[in-house]
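First the structure, in the form of structure tokens, and then the observations on it.
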């Protein structure tokens, strides 16, 4: 199961992508398997040459006895070279790191991160208009009424 951050694709123009591991507790991995994750306000931050996922809301698992903070900072597992490369790109300004999706791969939780630049209002309107036109074309091809 792959959980997407739909807001990231709308708010940001995405450039370079990378896959990173994430440090989780047992109840958090169960919640991810159940699909109970919200990445809409999440972003990645670099501290002391380490990467952290901030504001990712992983809802508590139903059967867990021990309650953990659902929005705590979670360490991301990336190669040192990748961290330093992205740290240089982010420190230049106007670029941020956002999670695009979170998923399970070979029994490990992975986060797909992307370098992103904020879209202007005009770009957001243009993407909404393009999506509406594509939807109308699809309906016309299927023979439905508009």
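FYI, it's all coordinate maths here, none of it is from the lab. The shown structure was predicted, so the numbers you read here are calculated from the model rather than taken from an experiment. Glycine gets a Cβ as well: all are built from the backbone with ideal geometry, and neighbour counts include every protein chain shown.
Just to be sure I understand: with springs between alpha-carbon atoms less than 10 Å apart, which residue in 41, 19, 134 has the highest mean-square fluctuation in the Gaussian network model of the chain?
134
Testing the spin-label approximation: label points 7 Å from Cα along Cα→Cβ at residue 91 and residue 108. State their distance in nm.
Going by the 7 Å Cα→Cβ label model, 2.8 nm.
If packing is taken as the mean number of other Cβ atoms within 10 Å per residue, what is the order of 87-96, 2-11, highest first? Present the calculation step by step, with values, prior to reporting the outcome.
Details: 87-96: 11.3, 2-11: 15.5.
Ranking, from highest mean packing down: 2-11, 87-96.
Of 85, 106, 38, which is the most mobile in a GNM of the chain whose springs link Cα atoms less than 10 angstrom apart?
Judging by the Gaussian network model, the answer is 106.
Just report the Cα centroid separation between the stretch 1-63 and the stretch 66-97, whole Å.
Using only Cα atoms, the two centres lie 11 Å from each other.
Under Stokes-Einstein, with the Kirkwood radius over Cα pairs standing in for Rh, what whole-number D in µm²/s applies to the chain at 20 °C and 1.002 mPa s? Show your work: numbers first, answer last.
Numbers: Rh = 16.9 Å.
Approximately 127 µm²/s, per Stokes-Einstein.
Could you check which residue among 78, 54, 62 shows the biggest mean-square fluctuation in a GNM of the chain with a 10 Å Cα cutoff?
Comparing 78, 54, 62 in a Gaussian network model of the chain, the most mobile one is 62.
Per residue, what volume in Å³ does the Cα convex hull of the stretch 80-146 take up? Mind dumping the intermediate values first?
Values: hull volume 9.5 nm³, N = 67.
Looking at the stretch 80-146, the number lands at 142 Å³ per residue.
Can you tell me the 0 to 90 degree angle between the C-alpha axis of helix 80-91 and the longest principal axis of the chain, rounded to 10?
50
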